[in-house]
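Participant: Sharing a structure, written as structure tokens. Questions coming.
The values are calculated or read from the model by the stated rules, or taken from the named source; none is laboratory data. As the structure is a computational prediction, the values presented were derived from the model and not from experiment. Backbone-built Cβ (ideal geometry, glycine too); neighbour counts: all protein chains shown. Areas reflect the complete protein model, heavy atoms only, side chains present, ligands, DNA and RNA absent. Shrake-Rupley method; radii C 1.70, N 1.55, O 1.52, S 1.80 Å.
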Amino acid sequence: MNNDLNIALKAARKGVETIKSYQSKALNTREKGNHDLVTDADLETEKNILAFIREHCPDDEILAEETEAHEKMSDAKTWIVDPIDGTTNFAHDFPVYCVSVALWENKKPKVGVVIEVTRNEEFTAVAGEGAWLNGEKISVSNTSNARDAFIGTGFPYNDLSVVESYLKLFRHLMEELQGIRRPGAATFDLCCVASGRFDGFFEYSLHAWDVAAAALIVKEAGGVITDWKGGDGWLFGQRIIAGNPEIHQLLLDRVEEFIPIEQREAVV
Ligand code: IPD
Ligand code: CA
Ligand code: CA
């Protein structure tokens, strides 16, 4: 196995172990921002993942949600970690929450690992080599009709500035598409695009740790990822559209139609 993938996978599995040790305990939960929860499990999971990475890759840089959050990255090897993606689900014992570990270098993704904890699904990718679910190669769907398209999304919850236009977009998509789901973990949504469960996904207000690993998994599965203007500013730009090539284009067109240009601008 690719050595970086091996480290990412082992680090993510450490994270899963830590999360599972909290599943039967009373959780200490607080709001760190508007509607933005953090629990003791998030903090300990991140601590254990970072300890593993630092032990094996002491010279690499780290960007991690709870203790090493920043909105930029150098060209150096950088590990990007979301210890629990889907904390609100986790805090309510609602299924679908993930550990996400990515390695980037020269501002490009090299490996990505997302593990959905409740079903123990391990999604992995290596740049140029492909994407896998529990060791089996995966690829995006070939749905091309809007009527057959099943997509995921997330609701913005701490920056509500786009809600009015978002609602108009939803109104339209509810009628046009087969179905829309909001599982509550962006990493999982993206992995569902990669494995062909979803045909597309879009969300506003995401951070690098939400998308760094899963976006590579989508790309390596033959999918397309852009920001809301069709560009590549999706890592730090807080706006993402993913999909198989046809449904990605359809979602990009609809976002252009319903979201005003100033709200589509990636954050830089
Ligand atoms: C959140 C989840 C959620 C998305 C939020 C993210 P967290 O991550 O991915 O699906 O809608 O925008 O912040 O806070 O649970 O790591
Ligand atoms: Ca997250
Ligand atoms: Ca998180």
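Participant: Under a Cβ-Cβ cut-off of 10 Å, what is the net charge of the residues other than R264 that fall near it, where Lys and Arg count +1 and Asp and Glu count -1?
Facilitator: Here the charged neighbours net out to -2.
Participant: Give me the accessible area per residue for the stretch 146-264, probe 1.4 Å, as a whole number in Å².
Facilitator: For the stretch 146-264, the solvent-accessible area averages 36 Å² per residue.
Participant: Provide the net charge surrounding A51, with neighbours chosen by a C-beta distance below 11 Å and charges set as Lys +1, Arg +1, Asp -1, Glu -1.
Facilitator: For residues surrounding A51, the net value is 0.
Participant: Please state, to two decimals, what the Cα-based radius of gyration of the chain comes to when divided by 2.2 N^0.38 Å (N = residues).
Facilitator: 0.94
Participant: Please report the carbon-and-sulfur percent of the accessible area for the chain; probe 1.4 Å, protein heavy atoms only, DNA, RNA and ligands left out.
Facilitator: Answer for the chain is 47 percent, counting heavy atoms of protein chains only.
Participant: Taking the solvent-accessible surface of protein heavy atoms with a 1.4 Å probe, what is the per residue accessible area of the stretch 3-137 in Å²?
Facilitator: That works out to 47 Å² per residue.
Participant: Further, regarding this structure: Please give the net charge around V99, taking every other residue with its beta carbon less than 9 angstrom from that of V99, where Lys and Arg add +1 and Asp and Glu add -1.
Facilitator: -1
Participant: Moving to a separate point now. Ranking request for peptides 193-203, 4-14: highest mean number of other beta-carbon atoms within 10 Å first, then the rest in descending order.
Facilitator: Packing proxy ranking, top to bottom: 193-203, 4-14.
Participant: Longer than 28 Å from Cα to Cα, which of K110/K229; K32/K168; K20/K108 are they? Say none if no pair is.
Facilitator: Beyond 28 Å between Cα atoms: K32/K168; K20/K108.
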